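Below: the structure, in C-alpha cells.
The values are calculated or read from the model by the stated rules, or taken from the named source; none is laboratory data. Quick caveat, the model's predicted, so the values are computed rather than measured. Cβ sites come from the backbone with ideal geometry, for glycine too, and all protein chains shown count toward neighbours. Areas reflect the complete protein model, heavy atoms only, side chains present, ligands, DNA and RNA absent. Shrake-Rupley method; radii C 1.70, N 1.55, O 1.52, S 1.80 Å.
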Amino acid sequence: MRKPLIAGNWKMHKTPEEARAFASQLLEELKEEREVEVVVAPPFVSLLPVKEALGDGPIKLAAQNVHWEREGAFTGEVSPLMLREAGCEYVIVGHSERRGYFGETDEVVNRKVKALLDVGLKPILCVGETLKEREEGKTFEVVEAQVKGGLKDLEAGEVKELVVAYEPVWAIGTGRTATPHQAQEVQSFIRKLLGGLFGEVAREIRILYGGSVKPENIAELMAEEDIDGALVGGASLKVDSFVKIVRYNRGG
Ligand code: PEP
C-alpha cells in the first residue's frame, strides 16, 4: 500500500557540474525503476542542472531546506515557490544538522511544513533523538514533541503526501546504524502518533529510516513493517552504493 521511497541527501557535496554528471549516471542506471520511488536532494545551486539531467524520468528532485515565506527581504533564503519552479517535488525539513547547527526549532519546522503543503510540495519531516536523550530514556518523549510540534495545526486532509524520516542523531554519519528492532520500535510509535493526530490517513504516510544506511543493512531495515524507505546521506554520494540501496530487494 505504501510505495517504498529511497531519498539521497547530498548535503553540502558536489558542485553544480558534478551534480549534473552524477544525476545523468544515476538516471542511466535507474531509468526503468518502478518499484521504488527514488529522490535526490542536491544543494540549492545544483537543483536546476540536476533537474535538467533527470528530465521527466522516474527520479524525483528534493531540496534540503526552505524558508516559510513566499518572497521578501530574507537575505540568503529560498522560498517554496522558487523550489517548485526549479522542479522540486519534495523538501527535507528539520534535518538534525539544521536543528543542531542552525538552531531550527519545532515552531520553525512547523512553519516550513505548512508553507510547503500550501504550494503542493511534499515535506520530508526529520525527527530523532540524540545519544544523550536515548541514554536518558527520553527517545519517545523527544520524538513525540518533534512530530507534534512539526505537524501542529495540520488537518488529516493535508498530510497524505507528507513523509516522516526517523533519524536518530547518533546514527547519522557515524557508521552506527540503529538495529531494525530499534528503528521499528520508534517508527511504529510515530505511526501511532500520526494515527492519534490524523486518523486513518496515518496508514498511508510513509515513514523513512535514516542513519548510516548502506547496501549491507538496507534489506533488513526494509523488512520491518513501519520502515517504508530510507533517507541516505553518505551512501547516496556514489552511484554504485545508492543504486544497490534502491534495489535492496533485488540482490543489489
Ligand atoms: C542524513 O543525512 O540524513 C543521513 C542519514 O546521513 P548518513 O546516511 O550519512 O548517516
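Odds and ends about this structure:
- At a probe radius of 1.4 angstrom, the accessible area of the chain per residue rounds to 46 square angstrom.
- Unit Cα scatterers, Debye sum, the range 92-207: log10 I(q)/I(0) for q = 0.11 Å⁻¹: -0.33
- Calculated log₁₀ intensity ratio I(q)/I(0) where the Debye formula runs over C-alpha points of the chain, q = 0.08, 0.14 Å⁻¹: -0.27, -0.89
- Remark on the range 1-142: ratio of C-alpha radius of gyration to 2.2 N^0.38 Å is 1.11.
- Counting only residues at least eight positions apart within a chain, or on another chain, the lysines with an alpha carbon under 30 Å from that of K152 are K3, K11, K60, K112, K114, K122, K132, K138, K160, K192.
- For I92, distant residues with modelled amide H under 5 Å away: A63, Q64, N65, I124
- Between amide H atoms placed 1.01 Å from N, distances below 5 Å from E167 occur with V127, G128, G210, all of them 5 or more places distant or on a separate chain.
- Of the accessible area of the chain, computed with a 1.4 Å probe over protein heavy atoms only, carbon and sulfur atoms account for 50 percent.
- In the chain, a dipole from Cβ-located charges (positive for Lys and Arg, negative for Asp and Glu) runs towards its positive end, and of I124, L27, L221 it is L27 whose Cα lies farthest in that direction.
- Applying the criteria of a DSSP loop state and at most 11 other Cβ atoms within 10 Å to the chymotrypsin sites (Phe, Trp or Tyr not before Pro) of the range 1-110 yields F74.
- Between the range 41-108 and the range 157-220, the Cα center-to-center distance that results, in Å: 21
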